[in-house]
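Encoded as structure tokens, the structure appears first; notes follow it.
Every number here is computed from the coordinates shown, using simple stated rules; none is lab data. As the structure is a prediction and not an experimental result, all values here were calculated from the model. All Cβ positions, glycine included, derive from the backbone under ideal geometry; neighbour counts span all protein chains shown.
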């Protein structure tokens, strides 16, 4: 039987609370399929680890993630714990850069009309995937300390042909498996870097004549996501644009607690909810575990294999069954159920699926 070693990073705030049910879902899905199993290897990282040891991402943790078959991460960072430059600890970004996890994948799917502020859409009518280039863009100069007493500070927006080609290619490859449409989101009418990004996108598009394309400026994309989200299938964009629009997109389907994500490279991958550590609700038992459970399903897809893909489908089917009832909701999506109650419902639905 195949055994996968999974690095487990609970992190800060609600991270450990939402990782625990995702682990249970993975174990249950694996047991039902009977062809693989997991060994979970816990590591410490995050703001709390920085306060304890002086680094938010110890070498042992980075090495463990690099050696594992995949990494499941809860959430990292606390607003009150910052570098002397004033920025927050972001070891999850360090992981992306150190492991070259260039592809930020953010699936957006509406499970229940009650979750969306756009009440005209039903289950499955908002369904797209956002691809965020993870390794450069406006984040390229994030580690250059700012002189807070200076008269000006500048950030550099870096776009390379190599990184743009590979993120665009990943977007097209997924679109071939979906509805065969890719939207480029940029600001090519103003920024030379974005005109370059668009030129590279168009070159990559020639490799995929069966996939239709569209190009939308980022400000217009924000409007269209709210007014007409069902027009989108796969979207691809620069790092900062992806950071912002993925949060907006999550709001269309209930918020960050309903938004899974993956950071994927050529050899390594990290799976985590799109939300942060939410220290204001940590320990209250009301965090939404769905995004992390769905991120675990993405992990199964990435690991590959017929049984693994089937197990990923099982988890999504269980979530779909539970979310079909508007009463099955944590406070962030208008309900009153606890983390434990929602997790138990998903696990029970998973157990009851036909094999």
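Listing for the model above:
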{"item": "Segment residue 85-residue 1, extension gain: residue separation times 0.36 nm, minus the distance between their alpha carbons", "result": "25.3 nm"}
{"item": "Distance between modelled label sites at residue 52 and residue 144, nm, 7 Å Cα→Cβ extension", "result": "3.5"}
{"item": "Centre separation in Å (Cα based) which lies between segment 147-197 and segment 276-355", "result": "31"}
{"item": "Among beta bridges that DSSP assigns inside segment 166-274, antiparallel share in %, nearest 5", "result": "35"}
{"item": "Extent along principal axes [Cα atoms of segment 183-262; Å; largest to smallest]", "result": "36, 30, 26"}
{"item": "Rounded if a/c under 1.5, otherwise prolate or oblate - segment 1-124, Cα gyration tensor axes", "result": "oblate"}
{"item": "Percent of beta bridges antiparallel (DSSP, the chain, rounded to nearest 5)", "result": "40"}
{"item": "For segment 236-275: rounded, prolate or oblate by the Cα gyration tensor [a/c cutoff 1.5]", "result": "oblate"}
{"item": "Potential extension, residue 338-residue 153 segment - 0.36 nm per residue separation minus Cα distance", "result": "62.2 nm"}
{"item": "Most to least packed among 273-285, 100-112 [average Cβ atoms within 10 Å]", "result": "100-112, 273-285"}
{"item": "Segment 1-130: antiparallel DSSP beta bridges as a percent of all, rounded to 5", "result": "30"}
{"item": "Relative contact order for segment 223-283, counting Cα pairs under 8 Å that sit 6 or more residues apart, in percent", "result": "20"}
{"item": "Residue 348/residue 177 FRET efficiency (R0 45 Å; Cβ-Cβ; nearest 0.05)", "result": "0.90"}
{"item": "Prolate/oblate/rounded call for segment 181-336, Cα gyration tensor, a/c under 1.5 rounded", "result": "prolate"}
{"item": "Angstrom value of the Kirkwood radius, inverse mean 1/r, which spans all Cα pairs in the chain", "result": "20.8"}
{"item": "Within the chain, helix-based [θ] at 222 nm, where runs of 4 or more DSSP H residues each add -39,500 (n - 2.57), nearest 500", "result": "-13000 deg cm²/dmol"}
{"item": "Per-peptide average of other Cβ atoms within 10 Å, ordering 59-66, 127-134 highest first", "result": "127-134, 59-66"}
